[in-house]
Amino acid sequence: MTAGSPTDDPFPNLAGEWQLDAEPVLEPEPELLPATPEPESVHLAPPPSAIRLPPPTEETPPSPEQIIEAMLFVGGHPLTADAVCSAVRGVTREGFTTAIDSLTRRYRQQRRPYSILPRDNGFVLAILPVYRRLRERLFGGPREARLNQPALDVLSVVAYRQPIGKAEVDTIRGTDSGSILRQLVRLGLVAVQHRAEAGIREVRYGTTPRFLKVFGLNSLDELPRLGDTAQV
């Protein structure tokens, strides 16, 4: 072939791949929408993983065992089967005993620092002996209570004569004991046990489980005999 022949191809390797005369393919322009004012604040719904659902225990009623455990944690007088059966519907004496046994085993297996102990025909929740020194550090032992002699006198009268009213304490001591009785109540050593007979408005006082703990007694039967207790 001669130079300038129309069959001469200067780019023989690009034959069929390069089309100069082809119309360019244009992407369609997006349709413009009328502008809308942007809201001041947009509240997006949190992802499902961020939604905090209430625990199922809020909707599921507690079991009798959980209620008995809560009553033990409340404290106060020893928890008895009669008190639980009258306060919780559907709980029997056998169910109360079963719950106490189950809780006791669980605390032992989990090595809890407290346990359920029998006391005065009922049960109390108490820390184990190995942790008693921690309690004394926080609340003080018998020596740290620092009761003066008048307070000890009133406490001994209440311990040996309970339940006893203020008037009888005043008669035995020969002086007013109202402020000392209130002090002993605040310390948790004395409490109002029950009111007197109908028609008598004076309240009666008696010692508390804390009194036994502070003085290292298991029951009032271990109170030392100071001669004839009628002469206290």
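The values are calculated or read from the model by the stated rules, or taken from the named source; none is laboratory data. Predicted, not measured: the structure shown is a model, and the values here were computed from it. Here Cβ is always computed from backbone atoms with ideal geometry, including for glycine, and neighbour counts include all displayed protein chains.
Rundown of residues vs (1) out of contact with any helix residue (DSSP H, G or I) (no Cβ under 8 Å at 6 or more places or on another chain); (2) modelled with pLDDT of 90 or more, yes/no style:
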site	(1), (2)
Asp153	no, yes
Tyr160	no, yes
Thr175	yes, yes
Glu202	no, no
Ala230	yes, no
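On inspection, Arg182 fails the criterion of being among the basic types (Lys, Arg) and on the phi > 0 side of the Ramachandran plot.
Test Arg112 against the criterion of being out of contact with any Lys or Arg (no Cβ under 9 Å at 6 or more places or on another chain) and among the charged types (D, E, K, R), and give yes or no. Answer is no for this residue.
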